[in-house]
Amino acid sequence: MSAMMGLKNIEWIGDGLSGYLKLLDQTRLPEEEFYIDCRDVQAVWDAIQRLAVRGAPAIGIAAAYACVLGVQQVKPGQSTTKRLREVADHLITSRPTAVNLAWALERMKRVQPCTPAELLIHAKAIHDEDREMCKAIGRNALPLLERCVRGTVGGGGGVLTHCNAGALATGGIGTATAAMYMAHGRGLRFRVYADETRPLLQGARLTAWELSRAGIDVTLLCEGMAAQLMREGTIDMVIVGADRIAANGDAANKIGTYSLAVLARHHGIPFYVAAPSSTFDFSIGDGSLIPIEHRGSDEITSSFGRRTAPPGIKTYNPSFDVTPNDLITAIVTEKGLIEPVNTRRVRRILKGLAPGMKDPDEEAGQREA
């Protein structure tokens with residue numbers, strides 16, 4: 001199954017000693033399919049920071065490959081382990097919210113021996129694992145989409161998504177889009193409604209582009225139009241991705257996600273989050289502790305080369321918001337469906353505990369209390 005129909009958004013070219021990272025520059029889509037050859041760490045840092053590569057899983061994969069580039073350029077007499085730590089410390093500053101970045105870098109820092117060849121093996125493993133996690137998320141989300149379609153007259157259920165949690169944002173067929181690609185491959189009839197996703201239009205430029213390229217029925221709308229669609233009865237489910245999920249299931253995703261969850265609750269529409277286990281951050285108890293990235297004013301006032309606001313106007317531009325767990329119907333992971341969404345259920349599903357099995361960590365916490 002090729003969601004991108006031959007396109008590769010992240011690809012390592014060559015071997016560990018002299019190879020480099022090739023990235024599809026997503027800032028140029030949909031007008032141009034342009035690739036960046038990243039031959040040093042700074043090139044990858046820049047690509048992550050300016051959103052040439054974006055989406056939590058894809059950022060983690062790119063950072064893992066950047067570790068290979070960093071150790072390729074180790075100075076004579078310098079410790080490769082020390083160099084790797086320096087590279088990881090620099091890359092982590094590129095974007096603060098997506099936890100997959102830190103997850104991938106911590107995993108790469110543990111690689112021994114710390115050689116370019118060995119690091120490349122582990123970076124490719126992260127890439128391959130993400131591809132498989134996307135497929136597993138798709139299999140777990142597919143019954144939700146099938147239920148959505150069966151519940152509509154004549155099929156053709158309406159699925160709303162926000163930003164881009166698709167093939168462009170991952171190493172595989174996406175998270176929120178994974179079930180869409182699988183369902184489309186089986187001939188299931190449904191309609192996707194993609195929010196434009198302001199201010200940088202990831203839904204318009206990326207989601208609408210990749211889904212239409214794959215032959216999926218997709219309609220583009222401004223996010224301010226979602227409420228009207230819901231009131232008309234056009235939307236049967238909402239599914240989005242996530243950049244970081246707290247231990248209790250509160251989920252940070254592209255700004256505008258929270259308002260969609262509120263709208264979905266008001267209209268009685270199920271609201272799903274699709275994300276791999278690597279997106280969960282168990283070091284924070286709830287979403288209030290998730291760091292939210294704020295970006296420059298030019299993304300609002302002149303994001304595509306033409307000024308659309310008065311010079312000097314003040315702006316408010318957070319990249320993400322947090323949807324509380326009580327507004328999320330279920331979180332779809334590669335390990336199963338987290339429903340209801342709460343701390344205990346998150347732990348049980350991600351630890352693979354069968355019904356009736358006791359959680360040793362939970363029991364230990366109760367004993368300490």
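Only a single criterion out of (1) in contact with a helix residue (DSSP H, G or I) (Cβ under 7 Å, 6 or more places away or on another chain); (2) under 17 Å from Val273 (Cα atoms); (3) crowded, with 24+ Cβ neighbours inside 10 Å is not satisfied by Thr207, namely (1).
One residue alone among Thr234, Thr219 is in contact with a strand residue (DSSP E or B) (Cβ under 6 Å, 6 or more places away or on another chain), surrounded by fewer than 20 Cβ atoms within 10 Å (Cβ to Cβ), farther than 27 Å from Asn325 by Cβ and not small (Gly, Ala, Ser), and that residue is Thr219.
Scanning region 172-196 for residues that are touching an Asp or Glu at 6+ places or on another chain (Cβ under 8 Å), crowded, with 24+ Cβ neighbours inside 10 Å and over 20 Å from Lys8 (Cβ atoms) returns a single hit, Asp195. Here Ala47, Ala98, Ala56, Ala66 are screened, and the one residue that is among the small types (Gly, Ala, Ser), within 29 Å of Ser277 (Cβ to Cβ) and either free of Cβ contacts under 8 Å to residues at least 24 places away in the same chain or touching a strand residue (DSSP E or B) at 6+ places or on another chain (Cβ under 6 Å) (or both) is Ala47.
Beta carbons closer than 7 Å, at least 6 apart along the sequence or on distinct chains, pair a first residue in region 18-32 that is in contact (Cβ under 8 Å) with a residue 60 or more places away in the chain with a second that is hydroxyl-bearing (Ser, Thr, Tyr) for Leu24/Tyr35. Here His266 meets each of (1) closer than 30 Å to Ile313 by Cα; (2) surrounded by fewer than 21 Cβ atoms within 10 Å (Cβ to Cβ); (3) of a type outside the set (Gly, Ala, Ser) with one exception, condition (1). Looking at this structure, is Gly158 crowded, with 24+ Cβ neighbours inside 10 Å, touching a helix residue (DSSP H, G or I) at 6+ places or on another chain (Cβ under 9 Å) and of a type outside the set (Asp, Glu)? Considered against the rule, which asks whether it is crowded, with 24+ Cβ neighbours inside 10 Å, touching a helix residue (DSSP H, G or I) at 6+ places or on another chain (Cβ under 9 Å) and of a type outside the set (Asp, Glu), Gly158 comes out as no. Could you grab me the full set of residues in region 104-132 that are over 19 Å from Trp12 (Cβ atoms) and touching an Asp or Glu at 6+ places or on another chain (Cβ under 9 Å)? If the condition is that a residue be over 19 Å from Trp12 (Cβ atoms) and touching an Asp or Glu at 6+ places or on another chain (Cβ under 9 Å), then Gln112 is the only one that fits.
Scan Thr197, Thr207, Thr170 and give me the residue that is assigned by TED's automatic domain parsing to the domain that holds Asp321, in contact with a Pro (Cβ under 8 Å, 6 or more places away or on another chain) and over 18 Å from Pro270 (Cα atoms).
Details: Thr197 fails: in contact with a Pro (Cβ under 8 Å, 6 or more places away or on another chain); Thr207 fails: in contact with a Pro (Cβ under 8 Å, 6 or more places away or on another chain).
Exactly one of Thr197, Thr207, Thr170 is assigned by TED's automatic domain parsing to the domain that holds Asp321, in contact with a Pro (Cβ under 8 Å, 6 or more places away or on another chain) and over 18 Å from Pro270 (Cα atoms), namely Thr170.
Of the residues examined, Ala66 is one that is under 18 Å from Cys114 (Cα atoms), buried (at least 24 other Cβ atoms within 10 Å of the Cβ) and of a type outside the set (Lys, Arg). Collect the residues in region 110-126 that are surrounded by fewer than 16 Cβ atoms within 10 Å (Cβ to Cβ) and of a type in the set (Val, Ile, Thr), keeping them in residue-number order. Across region 110-126, the qualifying residue is only Ile121.
Just checking, does region 145-162 include any residue being under 16 Å from Arg54 (Cβ atoms), assigned by TED's automatic domain parsing to the domain that holds Ser319 and touching a strand residue (DSSP E or B) at 6+ places or on another chain (Cβ under 8 Å)?
Going residue by residue through region 145-162, those that are under 16 Å from Arg54 (Cβ atoms) are 161-162.
Of the ones still in play, those that are also assigned by TED's automatic domain parsing to the domain that holds Ser319 are 161-162.
Retained after the next criterion (residues that are touching a strand residue (DSSP E or B) at 6+ places or on another chain (Cβ under 8 Å)): 161-162.
Yes, because at least one residue in region 145-162 is under 16 Å from Arg54 (Cβ atoms), assigned by TED's automatic domain parsing to the domain that holds Ser319 and touching a strand residue (DSSP E or B) at 6+ places or on another chain (Cβ under 8 Å).
When Arg107 is tested against the conditions (1) surrounded by fewer than 22 Cβ atoms within 10 Å (Cβ to Cβ); (2) in a loop (DSSP other than H, G, I, E, B); (3) within 22 Å of the chain's Cα centre (by Cα), the lone failure is (2).
The values are calculated or read from the model by the stated rules, or taken from the named source; none is laboratory data. This one's a predicted model, so the numbers in the text were calculated from it and none came from an experiment. Cβ coordinates were reconstructed from backbone atoms using ideal geometry, including for glycine residues, and neighbour counts include every protein chain displayed.
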